[in-house]
Amino acid sequence: MSKIIVITSGKGGVGKTTTAINLGAAMNYFGKDVLVIDGNLSTPNVGIHLNSPEVPINLNHVLSKKADPDEAVYEHDSGLKIMPSSLSIKELKKMKPERLKELKEDFKKLGEYIIIDSAAGLGKEAISAMETADEIILVTNPEMPAITDALKTIKLLEEMKKEVAGVIVTRVRRNKSEMTPDVVKDMLEAPVLGSIPEDKCAQEALSLKNALVHTHPRSKPARAYKEIAAKILEVDYDSSKDSPSIWRFFFRR
Ligand SMILES: Nc1ncnc2c1ncn2[C@@H]1O[C@H](COP(=O)(O)OP(=O)(O)O)[C@@H](O)[C@H]1O
Ligand SMILES: [Mg+2]
């Protein structure tokens, strides 16, 4: 049975798209058939992250009934399947995010796990994505503004009777001024699925138009994303065995 997981946050710029792509890539690593849909119709980024900024048929065509869902699926070199949204301003004015939930069962036919990257905020677009979800993952940074917006999102999801699978805390710097995962958990009253460290490989992967799980597979963020995927998929994964070994380093040199 396929599952739709929606990645949302409240606050913008916290790492939703990076998480949607890398969680998808990490699930792929464990052999799952994953499709990442760009549900952020106003400012879509999935295609930009994965080398498909403009494609002939995209989610906008599907939402306006000009194409079938399977026609808007593209396979990235890494094997990850994506459904990009349009970057055009013309399409922006015509977008129909409210149709997302009507397509729920059609999306489910396109993979074992469907990950929807959503827009920031709590407007029509973000809510439409949430309505399509079987499970929701909240992304936040360990800072008060992001936590406050995440909390507001959780309250809204409670009203919508939507299940929050957990929270992913991204861009963690581990300095004294940021909140600890325990404080985040207490404030949000939701399970923390994992923490992703701040790392320059996120920008490097972006410039390589690929997921960091593929470009930097043994980096700390890649292993953290794999740990979260393993938790969701209930499979074993020992990140210490996946770490860069000193012998491997010398051998390569
Ligand atoms: N773990 C990380 N370490 C460093 N930079 C990150 C990390 N995760 C995301 N970023 C960067 O933060 C910025 C915002 O991330 P993005 O995924 O686009 O957020 P959102 O989708 O919530 O707007 C991007 O420039 C991205 O490369
Ligand atoms: Mg985004």
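The values are calculated or read from the model by the stated rules, or taken from the named source; none is laboratory data. As the structure is a prediction and not an experimental result, all values here were calculated from the model. We place every Cβ from the backbone using ideal geometry, glycine too, and count neighbours over all the protein chains shown. Accessible surface areas use protein heavy atoms only, side chains included; no ligands, DNA or RNA. Shrake-Rupley method; radii C 1.70, N 1.55, O 1.52, S 1.80 Å.
Structure notes:
- Scope region 198-219; condition part of a helix (DSSP H, G or I) and either open to solvent by less than 90 Å² (accessible area, probe 1.4 Å) or touching a residue at least 24 places away in the same chain (Cβ under 8 Å) (or both); matching residues: 201, 202, 204, 205, 206, 207, 212, 213, 214, 215
- Residue 153 open to solvent by less than 70 Å² (accessible area, probe 1.4 Å) and of a type in the set (S, T, N, Q): yes
- Single unsatisfied condition, residue 67 versus (1) hydrophobic (A, V, I, L, M, F, W, C); (2) in a loop (DSSP other than H, G, I, E, B); (3) modelled with pLDDT under 95: (3)
- Residues being among the small types (Gly, Ala, Ser) and within 20 Å of residue 79 (Cβ to Cβ) - total across region 36-60: 2
- Evaluated against (1) within 16 Å of ligand 2 (Cβ to nearest atom); (2) touching a Leu at 6+ places or on another chain (Cβ under 7 Å); (3) more than 18 Å from residue 222 (Cα to Cα); (4) in contact (Cβ under 8 Å) with a residue 60 or more places away in the chain, residue 53 falls short on exactly one condition, (4).
- Scanning region 1-19 for residues that are of a type outside the set (S, T, N, Q) and either within 12 Å of residue 146 (Cβ to Cβ) or near ligand 1 (Cβ under 7 Å from one of its atoms) (or both) returns 10, 11, 12, 13, 14, 15, 16.
- Of the helices (runs of 4 or more DSSP H) lying entirely inside region 83-197, those containing at least 1 residues that are within 16 Å of ligand 2 (Cβ to nearest atom) are 89-94, 124-132, 144-159.
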